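The structure appears below as structure tokens.
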Amino acid sequence: MTLNGKIKSLRTVVVLVILFSVGLFAAPLDAKTTLLALTVWNEENYQTRGLLLMAKRVSELTNGELELRVEFGGTLGYKGAELLKAVGDGQLDIAEMVASNVAGDAPVLGLRTLPMMIANWDEVALFDKLAKPYYDAACESKNQKLLVISPWPFGGLWANKEVKSLADMKGLKLRSYDRNGALFATAVGAVGLNVPYAEAYTGLASGLIDSVITSSISVREGKFYEVCKYHMPIAFATASSITTINLASWKKLTPEQQKALETASAEATAFLWDEVKKVVAENDQFCYDNGVTLAPVSDSFHEELAKASESVAKDWLENNKSARDAVALYNEFMKAKTK
């Protein structure tokens, strides 16, 4: 090889080395991390909008270095009860899920839905504050980190007659969809009937049942306002959703990205707290405008229902006595709310 040839070859090698080095070290600077986030609700649902807000804010806070690709509805084929495992297994990076739906392996996540345990939004906030360390531990044991605890509306009593006292509950044919609901019906003297949501309208119209316990959101969606003429806001129970991230996905983020995600999660939480109250008020009013009469619940009636429901809590605690965290949280909350 001539001298000029050797020089050209050397130049080629140097150029390749430089290009390789630039590519090697520049790639991380240009890299964007994208995490898959799922909710099973439709795009209009306020829980979905909360997740979309989180995605928007985390992108803004990181200048696009961290993005959440939000999927909603049935696009990925997951059902609500599968989401805790899906995040833990790394099939999903992030998911929003109804806590009680995934409580099979973590009973503490189902505690909040005990009937008549939580009476108002202040008590919801108190419960969530006390529950957070327990939820943190439960999520960590399932290979994920808790990002958000978000509220769902209270369930009210919707019936074809006005119910003012425990005596009026006697013989009421009440739709119940789980063990706690059935036990509650028995405790208050009603007749609990297991009727699927999809069949509730027909059941109400035919007289198979004459009452349901649910939120005005479901009443509006199911058109129950056409066949239930009274709403008693008894504050039966309120579920919560949790949004979690797979631990491996979390640990791959830079400290700055982790901080941004936590900030975005806090902002989403605040949005969801405001939004749930707006959504409830809007749907309540829609039902009232379409023939439903609001029947306020007296303190004495609420106390009667709460007292009768103590047997349901006792049953739940007995069946879950091995879940020491759930029992501890129940006792801590019941003590704190009486102060």
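The values are calculated or read from the model by the stated rules, or taken from the named source; none is laboratory data. In this text, all values refer to a predicted model and were calculated from it rather than measured experimentally. Using ideal geometry, Cβ is built from the backbone for each residue, glycine included, and neighbour counts are taken over all protein chains shown.
Okay, residues lined up against (1) touching a helix residue (DSSP H, G or I) at 6+ places or on another chain (Cβ under 8 Å); (2) among the β-branched types (Val, Ile, Thr); (3) at pLDDT 95 or above:
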| residue | (1), (2), (3) |
| --- | --- |
| VAL13 | no, yes, no |
| VAL22 | no, yes, no |
| PHE25 | no, no, no |
| ALA31 | no, no, no |
| THR48 | no, yes, yes |
| VAL70 | yes, yes, yes |
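Take THR338 and decide whether it is surrounded by fewer than 16 Cβ atoms within 10 Å (Cβ to Cβ) and under 30 Å from LEU38 (Cβ atoms). Give the derivation first.
Values: surrounded by fewer than 16 Cβ atoms within 10 Å (Cβ to Cβ): yes; under 30 Å from LEU38 (Cβ atoms): no.
No: the conditions fail for THR338.
With the requirement that a residue be outside any strand (DSSP E or B), within 19 Å of SER249 (Cα to Cα) and of a type in the set (D, E, K, R), what does region 53-78 give you?
LYS56, ARG57, GLU65
State whether the residues of region 313-328 include one that is among the aliphatic types (A, V, I, L, M), within 30 Å of ARG57 (Cβ to Cβ) and without any contact (Cβ under 8 Å) to a residue 12 or more places away in the chain. Full working, then the answer.
Within region 313-328, the subset among the aliphatic types (A, V, I, L, M) is 313, 317, 323, 326-328.
Cutting the leftovers down to within 30 Å of ARG57 (Cβ to Cβ) gives us none.
No; the residues of region 313-328 include none that is among the aliphatic types (A, V, I, L, M), within 30 Å of ARG57 (Cβ to Cβ) and without any contact (Cβ under 8 Å) to a residue 12 or more places away in the chain.
Checking the conditions here, which among LYS145, LYS170, LYS132 is farther than 27 Å from THR39 by Cβ and of a type in the set (Lys, Arg)? Steps first, please.
Values: LYS145 fails: farther than 27 Å from THR39 by Cβ; LYS132 fails: farther than 27 Å from THR39 by Cβ.
Residue meeting the stated conditions: LYS170.
Being touching a His at 6+ places or on another chain (Cβ under 8 Å) and closer than 20 Å to TRP273 by Cα, is that true of even one residue in region 99-109?
no
Pick from GLU60, GLU67: which is free of Cβ contacts under 8 Å to residues at least 24 places away in the same chain and over 19 Å from SER218 (Cα atoms)? Show your work before the answer.
Values: GLU67 fails: free of Cβ contacts under 8 Å to residues at least 24 places away in the same chain.
Step by step, each of GLU60, GLU67 is checked, and only GLU60 is free of Cβ contacts under 8 Å to residues at least 24 places away in the same chain and over 19 Å from SER218 (Cα atoms).
Pick out the one residue from ASP168, ASP210 that is without any contact (Cβ under 8 Å) to a residue 40 or more places away in the chain and out of contact with any helix residue (DSSP H, G or I) (no Cβ under 6 Å at 6 or more places or on another chain). It would help to see each step written out before you state the result.
Working: ASP210 fails: without any contact (Cβ under 8 Å) to a residue 40 or more places away in the chain.
Step by step, each of ASP168, ASP210 is checked, and only ASP168 is without any contact (Cβ under 8 Å) to a residue 40 or more places away in the chain and out of contact with any helix residue (DSSP H, G or I) (no Cβ under 6 Å at 6 or more places or on another chain).
Looking at this structure, is SER218 in contact (Cβ under 8 Å) with a residue 60 or more places away in the chain, under 24 Å from MET117 (Cβ atoms), surrounded by fewer than 20 Cβ atoms within 10 Å (Cβ to Cβ) and of a type in the set (Ser, Thr, Tyr)? Give the steps one after another, and end with the answer.
On the way: in contact (Cβ under 8 Å) with a residue 60 or more places away in the chain: no; under 24 Å from MET117 (Cβ atoms): yes; surrounded by fewer than 20 Cβ atoms within 10 Å (Cβ to Cβ): yes; of a type in the set (Ser, Thr, Tyr): yes.
It is false that SER218 is in contact (Cβ under 8 Å) with a residue 60 or more places away in the chain, under 24 Å from MET117 (Cβ atoms), surrounded by fewer than 20 Cβ atoms within 10 Å (Cβ to Cβ) and of a type in the set (Ser, Thr, Tyr).
How many residues does region 313-339 hold that are basic (Lys, Arg) and under 17 Å from ASN180 (Cβ atoms)? Step through it out loud before you land on a result.
Narrowing region 313-339 to residues basic (Lys, Arg): 314, 321, 324, 335, 337, 339.
Right, trim to under 17 Å from ASN180 (Cβ atoms) and you get 314, 321.
Adding up the residues that qualify gives 2.
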